[in-house]
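> The structure under discussion is supplied below as structure tokens; questions concerning it will follow.
FYI, it's all coordinate maths here, none of it is from the lab. Since the model is a prediction, treat every value here as computed from it, not as a measurement. In this analysis, Cβ positions are derived from the backbone assuming ideal geometry, glycine residues included, and neighbour counts consider all displayed protein chains.
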Amino acid sequence: MAKAIKTPSTFAEALRLAADLAEQNEKLERQLAELRLNGEYPEVLRPAHIQKLLGFSPPKVNELTKHPTFPHLNCNRQKGEAVTVLKSDLYQWLKTERF
């Protein structure tokens with residue numbers, strides 16, 4: 001899930017990488033601020049909430065929820081049962097994971 005970052009070999013590549021990472025970080029910070037402040041979402045999120053909140057496609061959300069460190073509430077769920085996660089746990093997880 002985490003992307004490998006190629007080590008820049010020139011100063012220009014390092015600057016481009018830094019700019020890209022700063023842009024990704026800024027986008028994530030906006031999403032996290034919305035997650036914290038937006039009362040539109042319940043405390044326990046389902047995949048549809050995550051899709052809408054983060055702007056991800058259903059396959060991307062499915063990929064996220066299969067990550068070994070994803071903070072599921074229902075780890076022992078049955079096939080077909082939706083994944084659930086606490087909003088605060090998702091917030092903490094997004095701060096620490098790179099995907």
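> Can you figure out the FRET efficiency of Cys75 with Leu28, using R₀ = 35 Å and their beta-carbon distance, to the nearest 0.05? Please report the intermediate quantities before stating the final value.
Values: r = 25 Å, r/R0 = 0.71.
Efficiency for this residue pair is about 0.90.
> Pick the calculated Cα extents along the principal axes in Å for this structure from [x] 49, 29, 20; [y] 87, 54, 9; [z] 44, 29, 26?
Entry [x].
> Under 5 Å between amide H atoms, partner at least 5 residues away or on a different chain: which partners does Leu45 have, H built in plane at 1.01 Å?
Amide H neighbours of Leu45: Val85, Leu86, Lys87.
> Turning to a different aspect of this structure: Given a Förster radius of 25 Å and the C-beta distance between Lys60 and Ala14 as r, what FRET efficiency does 1/(1 + (r/R0)^6) yield to the nearest 0.05? It would help to have the intermediate numbers written out before the result.
Details: r = 28 Å, r/R0 = 1.13.
The calculated FRET efficiency here is 0.30.
> May I pose another question? How far, in nm, would the chain grow between Leu21 and Ala48 when pulled straight, counting 0.36 nm per residue and subtracting the alpha carbon separation?
On the way: separation 27, 0.36 × 27 = 9.72 nm, distance 2.70 nm.
In short, 7.0 nm is gained.
> Counting Lys +1, Arg +1, Asp -1, Glu -1, what net charge surrounds Arg16 among other residues with beta carbon under 14 Å of its beta carbon?
Net charge around Arg16: -2.
> Among Phe56, Ala33, Ala82, flag the residue with its Cα farthest along the positive direction of the charge dipole of the chain, charges on Cβ as +1 for Lys/Arg and -1 for Asp/Glu.
Ala82
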